[in-house]
1. Looking at (1) more than 16 Å from the ligand (Cβ to nearest atom); (2) part of a strand (DSSP E or B); (3) under 17 Å from the mean Cα position of the chain (by Cα); (4) touching a residue at least 24 places away in the same chain (Cβ under 8 Å), find the lone condition where Arg145 falls short.
2. For region 96-132, enumerate the residues that are of a type outside the set (Gly, Ala, Ser), surrounded by fewer than 19 Cβ atoms within 10 Å (Cβ to Cβ) and not in a helix (DSSP H, G or I).
3. Kindly indicate whether Ala82 is away from the ligand (no atom under 13 Å from the Cβ) and not in a loop (DSSP other than H, G, I, E, B).
4. Among the residues of region 62-79, which ones are of a type outside the set (Ser, Thr, Tyr) and either at pLDDT below 95 or under 17 Å from the mean Cα position of the chain (by Cα) (or both)?
5. What residue, among those in region 23-43 that are within 10 Å of the ligand (Cβ to nearest atom) and farther than 30 Å from Asn135 by Cβ, is surrounded by the fewest Cβ atoms within 10 Å (Cβ to Cβ)?
6. Of the conditions (1) without any contact (Cβ under 8 Å) to a residue 40 or more places away in the chain; (2) within 16 Å of the ligand (Cβ to nearest atom), Phe140 clears all except one; give me its number.
7. Restrict the check to region 49-68 and report whether at least one residue is over 22 Å from Pro30 (Cα atoms), more than 9 Å from the ligand (Cβ to nearest atom) and not in a loop (DSSP other than H, G, I, E, B).
Amino acid sequence: MTTPAKEKGHRWFAALWDRTGAVSERAHGPKIRPRIMGEASGDVLEIGVGTGASFSYYPEDARVIAIEPDPYMIERAHKRLAELGNTNIQLRQAAAEELPFEDASFDHVVASLVFCSVRDQAEAFAEVRRVLRPNGTFRFWEHIRNDDSRFWGTVQDAITPVWRWFGAGCHPNRRTQQAIEDAGLRIEWVEQFRAAPGTPEIYGVARPV
Ligand SMILES: C[S@@+](CC[C@H](N)C(=O)[O-])C[C@H]1O[C@@H](n2cnc3c(N)ncnc32)[C@H](O)[C@@H]1O
């Protein structure tokens, strides 16, 4: 039987994600994930965990709740978790805009390549801020709009309607670092690099102001 939640997922995006993201994952994951996930211990929330690319990077003392709205992604994440035999990671179906957790529940909130796709960035970052403890960190890896090049920025704006459709809601032209700061999170450090032509990616750590 197909549940209503199942109808909301992206079956083909989920099935292809490990392959479509493989080149970037191989090139950048081993450098970025140890700094983003590998330094997150204590109570950790990962948002938009996908198929679980981050699972093997968490330290042993992390108690991780990993959320994901797409049931097809969750199915795959469950399989990966079973293969890894990791018992300190729990999976739940939820979306970033409505986190089912009390205020100040987590030492770290973590996300990779997610805030390009959330329905509402301002709502989602307000939720990140709400569930973080005052001395907690938000640890992120995202691709962003190219504001250094008028050409590439315009290309990103132009392709967004089509890209969103093929990419399960992904917007190539979001100013995500600005949105993090607008939510009351101060950037502690951020690194920027180019993964695809014209597309900057950022990773770093922010803290509640
Ligand atoms: C490009 S995939 C990245 C998956 C994973 N974080 C990784 O690094 O491989 C984007 C993920 O964000 C999830 N996502 C989309 N909208 C979301 C939302 N509103 N809240 C939480 N996750 C969301 C998608 O279902 C998908 O699993």
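The values are calculated or read from the model by the stated rules, or taken from the named source; none is laboratory data. Given the structure is predicted, the values throughout are model-derived calculations rather than measurements. Note that we place each Cβ from the backbone using ideal geometry, even for glycine, and neighbour counts take in every protein chain shown.
1. (2)
2. Across region 96-132, the qualifying residues are Glu97, Glu98, Pro100, Phe101, Glu102, Asp103, Asp107, Arg119, Asp120.
3. Values: away from the ligand (no atom under 13 Å from the Cβ): yes; not in a loop (DSSP other than H, G, I, E, B): yes.
Judged against the criteria, Ala82 is a match.
4. Step one: filter region 62-79 for residues of a type outside the set (Ser, Thr, Tyr), giving 62-71, 73-79.
Val64, Ile65, Ala66, Ile67, Glu68, Pro69, Asp70, Pro71, Met73, Ile74, Arg76, Ala77, listed by residue number.
5. Looking at residues that are within 10 Å of the ligand (Cβ to nearest atom) and farther than 30 Å from Asn135 by Cβ, I get Ser24.
6. If we test Phe140 against (1) without any contact (Cβ under 8 Å) to a residue 40 or more places away in the chain; (2) within 16 Å of the ligand (Cβ to nearest atom), just (1) comes out false.
7. Looking for residues that are over 22 Å from Pro30 (Cα atoms), more than 9 Å from the ligand (Cβ to nearest atom) and not in a loop (DSSP other than H, G, I, E, B), one finds none in region 49-68, hence no.
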